[in-house]
Amino acid sequence: AEQRRERARAEKVERIAGVIAREALHIVYQPIWSVRDDRPIGFESLARFDDALVQGVDRWFADAAEIGLGTDLELHAIERALAAVPGLPGDVYVAVNSAPATVLDPRLPGLLERWPMERIVLELTEH
C-alpha cells in the first residue's frame, strides 16, 4: 500500500512538473463587462491545461497542492495570465486567482512588480 502511494505521488510530481516545464498550461480570459459603459473593464484569467482530458482544472491545482507544488503551479499561471497586460487597453485590468499560501510566497511580489499594479486584481481562492 505504501509503495502504491509513493508511486501515485511520484506520478503527480512528474505530471505537474511536466506541465510547468512544457508550459502546457494556457490562459483564457473571461471579460468583465461594464453595462454602463458597454465595454469590458477587465478580464478574469482562467487556467486551462493541454492535458485537460486527464482531469479537470480544480484537480490539477488540488494535486499540485497535495504534493507541495501548488504555489509553483499558481505562480506559473499568474505569470502566464499577466503576459496579456501589454496587449490590453491601458484602462483594463487582469484578475488572477491565488491561494493564501501563494500570496504569502516571497516570489509573488517580484512577479507582480513587473506590471502596473492598478491593472492587476488579485483574487483569493476559496480553498
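What the table shows:
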read-out: FRET efficiency, residue 41 to residue 12 (Cβ-Cβ, R0 35 Å, nearest 0.05); value: 0.40
read-out: Which of 88, 106, 60, positive extreme of dipole for the chain (C-beta unit charges); value: 60
read-out: Among beta bridges that DSSP assigns inside the chain, antiparallel share in %, nearest 5; value: 55 percent
read-out: Shape call, the chain: gyration tensor on alpha carbons, a/c limit 1.5; value: prolate
read-out: Nearest-20 debye value, segment 1-48 charge dipole, Cβ charges on Lys, Arg, Asp, Glu; value: 240 debye
read-out: Relative packing of 3-10, 87-94, which averages over residues the other C-beta atoms within 10 Å, highest first; value: 87-94, 3-10
read-out: 222 nm mean residue ellipticity, helices alone, for the chain (DSSP H n ≥ 4; -39,500 (n - 2.57); rounded to 500); value: -13000 deg cm²/dmol
read-out: Charge dipole magnitude, Cβ of K and R +1, D and E -1 - the chain, Cα centre, debye nearest 20; value: 240 debye
read-out: Cα Rg over Rh - segment 41-86, Kirkwood; value: 1.02
read-out: Unit charges on C-beta of K, R, D, E only; dipole of segment 34-89, Debye; value: 260 debye
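Each value in this text was obtained by applying a stated rule to the coordinates, not by laboratory testing. What you see is a predicted model, and the numbers here were worked out from it, not measured in a lab. Note that each Cβ is placed from the backbone with ideal geometry, even for glycine, and that neighbours are counted across all protein chains shown.
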